[in-house]
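Written out below as C-alpha cells is the structure these notes cover.
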Amino acid sequence: MLLSGALLLFLLASSFFLNQKLAENAEAMDRAADLLGTIEEANGAQIAFGEMRYWLTDLSVSLLAQAEQNAAAARQQMEKHLEALARRRASAVAKIRAELAEYEDLAGQAVEEYTADHRTEGNALLARAGEHSVVADKLLQAIVAQLTREADAAREEAAAARAATVISRIVAGVAIAVGAVLTFFVLRSIAVPLRRLVAAMNCLNAGDTAIAMPPAGPHEIGTMARTLAAFRDTLEELRHTLAEFEALRAVGRAVGSTLDLEVVLGLVVARAVEFSGAAAGWIYEYDNTTQEYHFRMGHGTEPEVAERLKARPIGYGEGAVGHAAIERAPVQIPDLREPGSIGVPGRDQLLDRFGYRSLLAAPLLHEQTILGGLIVVRRESGNFSDETVRLVEAFAIQSALAVRNAKLFEEQRRREVDLRAAHEQLKSAQASLIQAEKMASLGQLAAGIAHEIKNPLNFVNNFAELSRELLDELKDTTTVPAATGDMGASDDLEELVTTLDSNLAKIVEHGRRADGIVTSMLLHSRGGSGERRQSDLNELIDDALNLAFHGARAQDQNFSATVERDFAPDIGPIELVPQDITRVFLNLFGNAFYAVSKRRRESGESHYAPTVRVTTFSVHEGAEIRVRDNGVGIPPAMLNQVFSPFFTTKPSGEGTGLGLSISYDIIVQEHGGTIAVDSHEGKFTEFTIRLLRHPQALAVPPAAAATGAAR
C-alpha cells in the first residue's frame, strides 16, 4: 500500500510538471502564432503602401482617373492592415499614419500643380512627399523586424518546453509501467471480482438476468457472488411468474371485453404455447349432440396438420383430451412413440411425422359441463413440469369462460330473435284488433254521417211541405184575379211565386250537400277501386291539374291563378291505380285553388299573385310529387289533424272533411307510399307525395295506416 501511495504521489508530481510544461508550450505557440499574424499584417501594410505610392506617382504623371481609384483602393487596404497592427504597436502605427497623412497631402498638392501644368512646383512637392514615404516605410520595416525577433524568441521558448515535455513523458511512462505491474496484482486479487459483481448488479438493476456471475468462494467476494446468483434466480422466477400473470390477466380482459370467440380463443392458445414452451397448440370444441371434439383453432400448426385435425373429430373418452374431460384434470403423453399410450390412432403418427413428441391436454369445463379441450405439443419427449401443467390448466379455464360466454350470447341472440318474431306477431295481432275496432266504430261513423245528413234533409222536408202549402194557396189565388180582375191579387201571386222559387233553390242546395256527404262516405269506406297498371305519372298529373283548374273556373267566373309545372322527364312509368291517384290529385289541386282564391279575396293585397306549383322528381325506387300554393296556409295547431276523417279547415257547408283522409288511405294503404304536409299560415302550403315504382306490399298495415290518418 505504501509503494502504491508513493507511486501515486510520483505520478501526481510528474503529471503536474508535465501539465505545466504543456501549458507553457501552448502559451509560447499561441504567442508565436499571434506574432506571425501581426507580421503578416505589417507585410501587407508595406505592400499596400508600396502600391499606394506607385499609383499616386502615376496619378501625378498621367492624371488618369483609374490611377486615382487604384491609389484609393491601396490606401483603404493599407488602413485595414494598420488597424490590425494598432492592437499591438499603437504608437508606431500612429507615427506611420502621421507620415502617411503628410505624404498624401503633399502628393495631392503635387497632382494639383501637375494639373495646372506647374511641373516644377509639382516635382518639388512630389520630392517632399517621397521623404515622408521613406520615413513611413522605415517605420513599417522596424515593426516587421521587431515582431520577427519576438516570434523567434517565442519559438525558442516552445522548443524548450517541448524538450521538457519529452523528458516528463518518459518519466511518466516509466512510472505508469511500474504502476501497471503493481495494479495487475491488486486487480487480480480484489478489483476484478468486484468489478464483475458491480457489472452483474447493474445488469440486474436494468432487468438483464442473463449476466454471468463471478464464481462463488469462501472469501467475502465469493459469498457476495453466491448471494447475487440466488437473487438473480429469484428475480427470473418472479419475472416469469409476472409474465404468466399478465398473460392470464390479458386473456381475462379479452374474455370480459369481447364476445368474439375467435379473438379470445386465438389469444388463449397463443399465450398457452408461448408460456409453456410448446411448439404448437390447439383448441377443441365439444359437440354434446354427436359427443365429439371438433378442431376449432390452432397456433403454430402446419396447414396440413390443421386440415387433418379438422377432418378427424375425437370421440368422447378418446385420446388425451377425452381422458382429461373424464378425469376433470390435465392429462399428458410424455412420448407419442411409446406403444400403449392414450393417444388417438392415426393422429399420433401424423404428429410424429411432423416432429411432435409429447402432448399435454387440459379440459374446458364449466360447472362439470364439458365444453372442449386445450392441447399443447412439444418436439421433445418427456413429462411437462408441474408449473407448465398448472399454467395450461389456467388457460383452459379462461377458454372455458370464453366458450361459455359465447354460448350464452348466442342463446341470448336466439331469444332476441324469437322475441322479435313474437313482437311482430303481436303487432300483427294488434293491427287486426285495431281493424276490428275500426269495423266496430263504423256504426258510430254511420251515426255521425246520419246526423250530418239530417240537417239538410230537414231543410228539404220542411221547405217541401211549405212549398205544398204555398202551391195550395197559389191555386186558390189564381182563381180570384181571373174572375174579378183584381190587380192586388196579381201582386200577391207574384210574391208567392218568388217565395216558392227561393224555397226550391234551398231544397236544391241542401239536397246537393247531402248527396256530397253520402258520396264522400262511400268513397272513404270502399277499398281499391281499380286495377294497377304502369302509368305515365306526369301525364296523369297534368290531366288532373287541367280538370281541377277548369272546375275552379266553373265554380267562380272571377277565379284566376298562375299554374307552374316542373315535371321531371326521366320519371318513367309508375305502377298505380290511375282512377284513385287522379282522385288524390284532384283533391289536392282543388284545395290549392281554394286556398289561393280565398287569400286573394280576404287579404286585399294588391301585389298578391295566386300561384300553384306542381313539381315531380325521380327519386330512388320511385317518384316524388310536390304540390305547393301560396294561399292562406294551415294554422300550426291543425297540421297534425289534416288527414283525420271529417276534419276540414273550410267553413261549414264548403267541405266534408273526407278528401285528405281518402287521399291518405289511397297513397299510404293502397300504394304503399307516403304523404306529408308543410305549411306556414298566411304564406304557403306544400304537400309532398312519394310513390314506389313497383310497390310489392303495403308500406304499413291497413289498420295502422287508418290509425295514422286519424292522428
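In table form, for the structure just shown:
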{"quantity": "Odd one out for A544 among (1) closer than 20 Å to E670 by Cβ; (2) at pLDDT 90 or above; (3) in contact with a Phe, Trp or Tyr (Cβ under 8 Å, 6 or more places away or on another chain); (4) not charged (D, E, K, R)", "calculated": "(2)"}
{"quantity": "Cβ pairs under 6 Å, 6+ apart, first in region 296-310 and within 15 Å of V344 (Cα to Cα) and free of Cβ contacts under 8 Å to residues at least 60 places away in the same chain, second aliphatic (A, V, I, L, M) and in a helix (DSSP H, G or I)", "calculated": "R308/L350"}
{"quantity": "Long-range neighbours under 6 Å by Cβ, at least six apart or interchain, first residue without any contact (Cβ under 8 Å) to a residue 40 or more places away in the chain within region 674-690, second open to solvent by 40 Å² or more (accessible area, probe 1.4 Å) and not in a strand (DSSP E or B)", "calculated": "none"}
{"quantity": "Close pairs from region 358-383: first more than 15 Å from G300 (Cα to Cα) and without any contact (Cβ under 8 Å) to a residue 24 or more places away in the chain, partner in a strand (DSSP E or B) and of a type in the set (G, A, S), Cβ under 6 Å, at least 6 apart", "calculated": "none"}
{"quantity": "Qualifying residue in region 334-355 (condition: of a type outside the set (K, R), buried (at least 20 other Cβ atoms within 10 Å of the Cβ) and under 18 Å from I397 (Cβ atoms))", "calculated": "no"}
{"quantity": "Test: residue in region 544-561 that is assigned to a loop (DSSP other than H, G, I, E, B), hydrophobic (A, V, I, L, M, F, W, C), surrounded by 13 or more Cβ atoms within 10 Å (Cβ to Cβ) and within 47 Å of the chain's Cα centre (by Cα)", "calculated": "no"}
{"quantity": "Some residue of region 283-293 being open to solvent by 50 Å² or more (accessible area, probe 1.4 Å) and at positive phi", "calculated": "yes"}
{"quantity": "Some residue of region 310-327 being more than 14 Å from A278 (Cα to Cα), out of contact with any Pro (no Cβ under 8 Å at 6 or more places or on another chain) and in a strand (DSSP E or B)", "calculated": "yes"}
{"quantity": "Filter result for the condition that a residue is part of a helix (DSSP H, G or I), more than 60 Å from the chain's Cα centre (by Cα) and within 22 Å of A45 (Cβ to Cβ), over A153, A127, A136", "calculated": "A136"}
{"quantity": "Residue list for region 589-637, filter: open to solvent by 70 Å² or more (accessible area, probe 1.4 Å) and in a helix (DSSP H, G or I)", "calculated": "R600, R601, E602, P636, A637"}
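Residue by residue, here is whether (1) of a type outside the set (A, V, I, L, M); (2) part of a helix (DSSP H, G or I); (3) over 41 Å from the mean Cα position of the chain (by Cα) holds:
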position	(1), (2), (3)
L371	no, no, no
V376	no, no, yes
S381	yes, no, yes
T388	yes, yes, yes
A394	no, yes, no
Q398	yes, yes, no
L408	no, yes, no
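The values are calculated or read from the model by the stated rules, or taken from the named source; none is laboratory data. As the structure is a prediction and not an experimental result, all values here were calculated from the model. So basically every Cβ, Gly included, is an ideal-geometry build from the backbone, and we count neighbours across all protein chains shown. Ligands, DNA and RNA are stripped out before the accessible areas are found, and what is left, the full protein with its side chains, is counted by its heavy atoms. Shrake-Rupley method; radii C 1.70, N 1.55, O 1.52, S 1.80 Å.
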